[in-house]
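S.K.: I have a structure here, written as structure tokens, and I will follow up with some questions on it.
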Amino acid sequence: MRVKAPGGLKTTIGPGESKKITAIIDTRYRRGKLNKDIRVITNDPDAKTLRLSIQANIVQDLYTQPFPIDFGEVKHGSSYEKEIVITNKGKKPISITEIKISQTKALTISPSDKFTLAPGQTRKFVLTLVPGLKEGKFRGSVIMMTDIEYLPRKIIFVRARVVGDND
């Protein structure tokens, strides 16, 4: 969260005056309920600290489930699949112009063609974690290029913990 105030974050407000504080929250990778507080410290002996609370319910037009994609603990040398469901919860059609994978040697997605979702429409995909990953934490992402002005890239984070096969 970024906070802006006229005159900078340290500013003087005289008796009877007021100033505007603007809070900017990037909601691209968030959804659901959001609660944030801004603390204002003053020299007023009756109100040394003020708390400004911000509450929001973030609704995404292009909704993905699950988010993030967590394969959990996986055995080295095995292949795993997860279904991804994408829904257009907006009021206009949404076009996916390209689907990219950040870790092309570790992940595949099917289908991977471009498409358009009408409002309320859903599409399913299968994301495969391929064998051969090194033991330890795995991080990757699925990147969907969209025609949404405020969201040109929908990023779906992928994670797993690769363990030995204990044989």
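The values are calculated or read from the model by the stated rules, or taken from the named source; none is laboratory data. Being a predicted model, the structure only gives us computed values, none of them experimental. Here the Cβ is made from the backbone with ideal geometry for all residues, glycine too, and neighbour counts use every protein chain on show.
S.K.: Checking the conditions here, which among T11, T49 is more than 30 Å from the chain's Cα centre (by Cα), free of Cβ contacts under 8 Å to residues at least 12 places away in the same chain and surrounded by 10 or more Cβ atoms within 10 Å (Cβ to Cβ)?
M.R.: On the way: T49 fails: surrounded by 10 or more Cβ atoms within 10 Å (Cβ to Cβ).
Being more than 30 Å from the chain's Cα centre (by Cα), free of Cβ contacts under 8 Å to residues at least 12 places away in the same chain and surrounded by 10 or more Cβ atoms within 10 Å (Cβ to Cβ) holds for just one of T11, T49, which is T11.
S.K.: Going through P152, P119 one at a time, which residue ends up being assigned to a strand (DSSP E or B) and surrounded by fewer than 14 Cβ atoms within 10 Å (Cβ to Cβ)?
M.R.: Numbers: P119 fails: assigned to a strand (DSSP E or B).
When all the criteria are applied, what remains is P152.
S.K.: Name the single residue that is surrounded by the most Cβ atoms within 10 Å (Cβ to Cβ) among those in segment 99-116 being of a type in the set (K, R) and either farther than 16 Å from R153 by Cβ or in contact with an Asp or Glu (Cβ under 9 Å, 6 or more places away or on another chain) (or both). Walk me through it before giving the result.
M.R.: At the first step, the residues of segment 99-116 found to be of a type in the set (K, R) are 100, 105, 114.
If we keep only those that are either farther than 16 Å from R153 by Cβ or in contact with an Asp or Glu (Cβ under 9 Å, 6 or more places away or on another chain) (or both) as well, we get 105, 114.
Details: K105: 10, K114: 12.
In this case the residue turns out to be K114.
S.K.: Can you tell me which residue is nearest to R159 (Cα to Cα) among those in segment 19-46 that are under 13 Å from the mean Cα position of the chain (by Cα) and among the β-branched types (V, I, T)?
M.R.: T27
S.K.: Shifting gears a bit: In segment 26-58, how many are part of a loop (DSSP other than H, G, I, E, B), at pLDDT 80 or above and not basic (K, R)? Spell out the reasoning first.
M.R.: In the first step, residues of segment 26-58 are kept if they are part of a loop (DSSP other than H, G, I, E, B); the result is 26-31, 42-48.
Then keep just the ones that are at pLDDT 80 or above; that gives 42-48.
Going one step further and asking which of them are not basic (K, R), we end up with 42-47.
Residues meeting the conditions: 6.
S.K.: G77: assigned to a strand (DSSP E or B), in contact (Cβ under 8 Å) with a residue 60 or more places away in the chain and loosely packed, with under 14 Cβ neighbours inside 10 Å, yes or no?
M.R.: Working: assigned to a strand (DSSP E or B): no; in contact (Cβ under 8 Å) with a residue 60 or more places away in the chain: yes; loosely packed, with under 14 Cβ neighbours inside 10 Å: yes.
The answer is no for G77.
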